[in-house]
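Visitor: Got a structure here, written out as structure tokens. Questions coming.
The values are calculated or read from the model by the stated rules, or taken from the named source; none is laboratory data. Since the structure is predicted, the reported quantities are computational estimates derived from the model, not experimental observations. Here Cβ is always computed from backbone atoms with ideal geometry, including for glycine, and neighbour counts include all displayed protein chains. In case anyone asks, the SASA skips ligands and DNA or RNA and just uses the protein heavy atoms, side chains included. Shrake-Rupley method; radii C 1.70, N 1.55, O 1.52, S 1.80 Å.
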Amino acid sequence: MQVLKLGGSVITVKDEPMTVDRENVRRLCEEVKAAWPMPLIIVHGGGSFGHPVASKYGIADGFTSERQVPGYARTHQAMVVLNSVFVDALLDLGVPSVSVTPSSFIATSDGRINAVDFWIVGRLVVRGILPVLYGDAVLDRRRGFSILSGDQLAVRLATELGASRLVFGVDVDGVFTSNPKLVPGARLIERLPLKKLEGFIEIGRALTTDVTGGMLGKVSEAMEAVEAGVEVQIVNATKRDVILKALRGEPVTGTILTR
Ligand code: ADP
């Protein structure tokens, strides 16, 4: 079984609120269709759907004021809308996919998932159905509510359900020595062993604020899956057929995280 995490930066237009990148969604769903049938779970991020409303109301900081309550509801609903565009696109192509709402069965504690039962998700896969989950506004046992990132969720699903591979599809070719969007000379790291990863994260935190962005969070989350023996790959989902090849286990440009 494989888990595919598709970044919000890939399936939405990041600078335009509530805008789906329809071309990328259609192409990615076609690639999933080309690899189908296979035991697969998809998790997607929020991009311009979840993030603007979540940050406007400070949902990730937890409950501090009644004024945030409508923001909690709106953040979730923004994700429902994005999710249904994605699931509809898969259904139109004949892939039997089902939306699974994370906040209806997952709570966090200080932003982290603790005990969770993924039995239903696993059974859907066994039945030949593709579950599609997403980053969501969730209830938090300590802070009231929180944002569960698609990255954390994908890692937990892969770990608990014993996936063989976890593929992160992002808008760059993988993990670079620095943010490739800001540093033109940044080099792609094709194999990143856990030991080096710790060094990389240290450097990232100490020297450049940009590395503490999306990629650092993703890589730190992914460590848990690597430790559990899941093969973790970070690849460019904006480039045609990269996700298809990754799902088929064919070699693609990207970063493989190893023990
Ligand atoms: P997504 O929304 O697709 O899950 P993010 O946007 O959160 O992903 O993270 C991917 C982004 O991380 C890249 O677009 C890039 O700008 C940024 N980034 C920061 N540091 C690095 C790095 N060292 N290597 C690759 N990408 C990096």
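Visitor: Looking for whichever is part of a loop (DSSP other than H, G, I, E, B) and over 14 Å from the mean Cα position of the chain (by Cα) here; the options are Val80, Val116. Which one fits?
Guide: After applying the criteria, what remains is Val116.
Visitor: Could you check segment 181-208 and list, in sequence order, the residues that are open to solvent by 40 Å² or more (accessible area, probe 1.4 Å), within 10 Å of the ligand (Cβ to nearest atom) and at pLDDT below 65?
Guide: Ile203, Thr208
Visitor: Name the single residue that is most open to solvent (accessible area, probe 1.4 Å) among those in segment 70-96 being touching a residue at least 12 places away in the same chain (Cβ under 8 Å) and among the polar types (S, T, N, Q).
Guide: Per the criteria, the residue is Ser84.
Visitor: Answer yes or no as to whether Trp36 is open to solvent by 60 Å² or more (accessible area, probe 1.4 Å) and of a type in the set (Phe, Trp, Tyr).
Guide: No; evaluated as a whole, the condition is false for this residue.
Visitor: Kindly indicate which of Val87, Val43, Val98, Val13 is within 22 Å of Gly249 (Cα to Cα), of a type outside the set (S, T, N, Q) and touching a strand residue (DSSP E or B) at 6+ places or on another chain (Cβ under 9 Å).
Guide: Among Val87, Val43, Val98, Val13, only Val43 is within 22 Å of Gly249 (Cα to Cα), of a type outside the set (S, T, N, Q) and touching a strand residue (DSSP E or B) at 6+ places or on another chain (Cβ under 9 Å).
Visitor: How many residues are surrounded by 23 or more Cβ atoms within 10 Å (Cβ to Cβ) and assigned to a loop (DSSP other than H, G, I, E, B) if we restrict to segment 119-147?
Guide: 1
Visitor: Quick check on segment 158-179: of everything there that is surrounded by 24 or more Cβ atoms within 10 Å (Cβ to Cβ) and either acidic (Asp, Glu) or not in a strand (DSSP E or B) (or both), which residue is farthest from the ligand (Cβ to nearest atom)?
Guide: Only one residue fits best here, namely Ala163.
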